[in-house]
Amino acid sequence: MLARGYAQSDRPDLLVNFTTGSKDKVEGDSWPDVGLGWGRWSRGWGWGGMWSGRDIRTVTEGSLTIDVVDQQHKELLWSGTARGRVTTKDEDNPQSAIDTAVTAIFTKYPRQPLVASAGNR
């Protein structure tokens with residue numbers, strides 16, 4: 001916000017709110033696990049095969065949402081969200097993941113100053 005010309009104030013025009021959350025998700029992949037065979041069956045010779053393989057795991061997805069609110073009119077002016085997988089490294093040292101998420105969110109923040117809509121004044 002400072003880089004965009006906004007200044008911190010004891011009586012701000014805009015409020016910056018944030019919320020975080022996480023949820024566990026089950027993910028899975030399938031891949032070929034091929035087996036071939038040749039042999040005598042009850043009605044003659046033949047071949048057979050099998051095709052299967054699975055990798056099931058639980059991962060944690062984290063989210064960060066930043067809202068910019070017009071203080072005077074109590075109106076949401078802008079909102080941005082970042083989502084990503086939370087790793088053990090992120091849990092041990094979250095600052096890097098937070099910085100990355102905030103940067104990703106604010107790349108979509110408008111360059112022009114935000115103001116409340118005229119219809120709500």
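The values are calculated or read from the model by the stated rules, or taken from the named source; none is laboratory data. Treat the numbers as computed from the prediction; the structure is a model and nothing was measured. Note that we place each Cβ from the backbone using ideal geometry, even for glycine, and neighbour counts take in every protein chain shown. Surface accessibility is based on the protein's heavy atoms, side chains included, excluding ligands, DNA and RNA. Shrake-Rupley method; radii C 1.70, N 1.55, O 1.52, S 1.80 Å.
Numbers at a glance
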{"quantity": "Residue within region 65-79 that is at pLDDT 95 or above and of a type in the set (Gly, Ala, Ser) present", "calculated": "yes"}
{"quantity": "Identity of the residue in region 89-121, modelled with pLDDT of 90 or more and over 20 Å from Phe18 (Cβ atoms), that ends up surrounded by the most Cβ atoms within 10 Å (Cβ to Cβ)", "calculated": "Lys89"}
{"quantity": "Single unsatisfied condition, Gln112 versus (1) assigned to a helix (DSSP H, G or I); (2) without any contact (Cβ under 8 Å) to a residue 40 or more places away in the chain", "calculated": "(1)"}
{"quantity": "Residues of region 1-20 that turn out to be touching a residue at least 12 places away in the same chain (Cβ under 8 Å) and of a type in the set (A, V, I, L, M, F, W, C), as a count", "calculated": "5"}
{"quantity": "Which listed residue, of Asp99, Asp70, is acidic (Asp, Glu), in contact with a strand residue (DSSP E or B) (Cβ under 9 Å, 6 or more places away or on another chain) and within 24 Å of Ala7 (Cβ to Cβ)", "calculated": "Asp70"}
{"quantity": "Pairs, first assigned to a loop (DSSP other than H, G, I, E, B) in region 72-95, second modelled with pLDDT under 95 and polar (S, T, N, Q), C-beta under 6 Å, six or more apart", "calculated": "His73/Asn120"}
{"quantity": "Failed criterion for Arg54 (all others in (1) at pLDDT below 80; (2) open to solvent by less than 100 Å² (accessible area, probe 1.4 Å) hold)", "calculated": "(2)"}
